[in-house]
Amino acid sequence: MARVKRQAEVVRAPADRAEASAMLAMIGAAQRDLAVIKAAQEETISAAKLRAELESLPLQKSILDLTRGLQLWAEANRQALTDGGKTKTVPLATGTLSWRHRPASVRLTGPDAVLAEVERLKLEQFLRRKVELNREAMLEKPELARTVPGVTIGSAGEDFIVAPSDDAPPANAGAMDAPRAPGSMAA
């Protein structure tokens, strides 16, 4: 099998602390610019949503009114429309009207009290027990967890974090704006 050679990264690297600081200031400036763009985007989206919501209100009211009128008419004429209850769907020239039973649902008032009462009455068929592995406990005792087949405790790893200060960049940070070839020295 032939080996594939990975291309080297072509990125600018600082030559010293001052250049690293200037690059960090550039990252901070770019992050602030992105925040401004994101805020403008959110404002535009919010305004568009509000406009669409306001424009749709009359249509929503019209749909509700028309639906309620159709329901009143269909209920008053249900026997004739459903052929004496033989069908629950009524075809019309422009669509259908239908009645559907909603599935039953369970509502609990005070779930903790209901749970205690179900346990007191020993109604196990109303209980669901879930057993799952506790990964946090495995991390607390990794040596013991490694003895279990199928358990691997991975390395926590390390991330490189760039955290520019929230302040505006210093006046000389602009000196880094012109790209240079990798390995070239600052003038």
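Summary table below
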| read-out | value |
| --- | --- |
| Matching residues, segment 74-123, being open to solvent by less than 70 Å² (accessible area, probe 1.4 Å) and part of a loop (DSSP other than H, G, I, E, B) | 77, 82, 84, 85, 87, 99, 110, 123 |
| One residue from 81, 57 being in contact (Cβ under 8 Å) with a residue 12 or more places away in the chain and farther than 30 Å from residue 167 by Cα | 81 |
| Selection from segment 124-134 of residues that are within 34 Å of the chain's Cα centre (by Cα) and either of a type outside the set (A, V, I, L, M, F, W, C) or part of a helix (DSSP H, G or I) (or both) | 126, 128, 129, 130, 132, 134 |
| Filter result for residue 51 (loosely packed, with under 10 Cβ neighbours inside 10 Å and basic (Lys, Arg)) | no |
| Matching option when the condition is under 33 Å from the mean Cα position of the chain (by Cα) and at pLDDT below 95, among 11, 36 | 11 |
| Residue list for segment 21-49, filter: more than 17 Å from residue 160 (Cβ to Cβ) and among the β-branched types (Val, Ile, Thr) | 36, 37, 44, 45 |
| Residue count, segment 1-35 (criterion: surrounded by 10 or more Cβ atoms within 10 Å (Cβ to Cβ), assigned to a helix (DSSP H, G or I) and not small (Gly, Ala, Ser)) | 9 |
| Among the candidates 131, 148, 118, residue that is of a type in the set (A, V, I, L, M, F, W, C) and touching a Phe, Trp or Tyr at 6+ places or on another chain (Cβ under 7 Å) | 118 |
| Residue, farthest from the chain's Cα centre (by Cα), within segment 135-154, restricted to residues that are outside any helix (DSSP H, G or I) and surrounded by 10 or more Cβ atoms within 10 Å (Cβ to Cβ) | 148 |
| Contacts under 8 angstrom Cβ, first residue in segment 63-77 being closer than 14 Å to residue 99 by Cβ, partner surrounded by 10 or more Cβ atoms within 10 Å (Cβ to Cβ), 6 or more apart | 70/97; 74/81; 74/90; 74/97 |
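The values are calculated or read from the model by the stated rules, or taken from the named source; none is laboratory data. Computed from a prediction, not measured in an experiment: that's the story for all the values here. Ideal geometry is used to build each Cβ from the backbone, glycine not excepted, and the neighbour counts take in all protein chains shown. For accessibility, only protein heavy atoms count, side chains too; no ligands or nucleic acids. Shrake-Rupley method; radii C 1.70, N 1.55, O 1.52, S 1.80 Å.
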